[in-house]
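Student: What follows is a single structure, and I will ask about it in a moment.
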Ligand code: GDP
């Protein structure tokens, strides 16, 4: 089955987004405490795709050793990704582009791993600021090695924003996937 990976810095709102997408309140545990999602979880959705919950990266308060372990899990996953169709890189809409996220996207690009950006917590910003921050990300990506801006989604798990759009996007890719593999 096709897989879609969700990844981002700790506390970016990944668990909340996964819960919003799956309509299950306690599927992925959320907490105010960063760094809680530790291992890779696969969730089967609608019987026809897997949502892959990857560990959060870049949490300052975990030890160097466990950071390395996380990184290993993440790289191993991407190296073995047989059915991975697209990765969703989550970034908090409130911040200007962060190096750790830009580096990660660059790494995905270098390794030929398709990704989209999912901006989280859109309810926390005024629309004009949302536009500013989204443009800042896209501009920075285009200044780098990118010829084309990645597809992006603006979401808020607390307000249910972006859910339909994301699910529709996944459904559309899945239709193509099943046709190809029929
Ligand atoms: P994770 O560590 O990436 O899985 O992040 P969580 O989903 O646990 O969320 C981290 C914190 O951000 C929690 O306090 C959430 O309540 C909060 N949060 C997550 N998504 C949203 C959102 O869309 N809007 C707002 N206002 N807060 C959010």
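The values are calculated or read from the model by the stated rules, or taken from the named source; none is laboratory data. Just so it is clear, the model here is predicted, and its values are computed rather than measured. Note that we place each Cβ from the backbone using ideal geometry, even for glycine, and neighbour counts take in every protein chain shown.
Student: Within region 81-101, how many residues turn out to be at pLDDT 90 or above, out of contact with any strand residue (DSSP E or B) (no Cβ under 7 Å at 6 or more places or on another chain) and farther than 20 Å from residue 17 by Cβ?
Tutor: Total satisfying the criteria: 2.
Student: Could you tell me whether region 29-38 includes any residue that is closer than 14 Å to residue 157 by Cα, modelled with pLDDT under 85 and surrounded by 16 or more Cβ atoms within 10 Å (Cβ to Cβ)?
Tutor: yes
Student: Where in region 72-163 are the strands (runs of 3 or more DSSP E), entirely inside, with at least 3 residues that are away from the ligand (no atom under 16 Å from the Cβ) and surrounded by fewer than 16 Cβ atoms within 10 Å (Cβ to Cβ)?
Tutor: Of the strands (runs of 3 or more DSSP E) lying wholly inside region 72-163, none has at least 3 residues that are away from the ligand (no atom under 16 Å from the Cβ) and surrounded by fewer than 16 Cβ atoms within 10 Å (Cβ to Cβ).
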